[in-house]
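Asker: Once you've had a glance at the structure underneath, I'll fire off some questions.
Rule-based calculations on the coordinates, nothing more; no lab input. Just so we're clear, the structure is a prediction, and the values are computed from it rather than from any experiment. All Cβ positions, even for glycine, are placed from backbone atoms using ideal geometry, and neighbour counts span all protein chains on display.
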Amino acid sequence: MEREHFLIGTMGLDQHENGAVSVRGILEEAQMRVTYAGRFNTPETISHKAREAGVDVIGISCHSWEYIDMIPELLERLKEDDLNLPVVIGGSVITASDAKKMKELGVSAIFNGSPSDDEIIDTLRDLARQKRSAETQN
């Protein structure tokens, strides 16, 4: 079976990419494929890069408050582009109330605080498997 494939990046003016780069390394060490989108993306560029790369899951690193507006825009863009991809967000600024709102909007998983490497790997691997399973059933 082909390895799980993830797109990781930041959106808006958030230039704090250390978390995204760290998660990229964690996933690559776990033998997963990662496409790194880098910084300063828009919802449109994330959707486009996800389609081009053929990823299983999108991960957005959030270390500024822009995610409150940009994540809903990303979820809407993915629907418009007919991409049924799980979106995961992580970062130091995600409050419990914002996490609840993001989950209600359709974010598949949220990492705030300091998740373990295993928690990140297991969650993303499960989401990729669920996405692939859904594709084979359709």
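Asker: With each pseudo-label sitting 7 Å past Cα toward Cβ, what's the residue 40-residue 126 distance in nm, one decimal?
Answerer: Between residue 40 and residue 126, the simple spin-label model gives 3.7 nm.
Asker: Here is a follow-up. For n ≥ 4 DSSP H runs only, could you compute -39500 (n - 2.57) per run for the chain, divide by its residues and tell me the 222 nm figure to the nearest 500?
Answerer: Calculated from helices alone, the mean residue ellipticity at 222 nm is -16000 deg cm²/dmol.
Asker: So if R0 is 22 Å, what FRET efficiency would residue 100 and residue 13 give, r being the distance between their Cβ atoms, rounded to the nearest 0.05?
Answerer: E(calc), rounded to 0.05, equals 0.30.
Asker: Still on this structure: Give me the log10 of I(q) over I(0) for the stretch 5-137 at q = 0.16, 0.21 Å⁻¹, as the Debye formula computes it from C-alpha points; what are the numbers?
Answerer: Each listed q corresponds, in turn, to -0.73, -1.36.
Asker: Once you charge only the Cβ atoms, +1 for Lys and Arg and -1 for Asp and Glu, what is the size of the charge dipole of the stretch 5-137 about its Cα centre, to the nearest 20 debye?
Answerer: Taking the Cα centre of the stretch 5-137 as origin, the dipole is about 160 debye.
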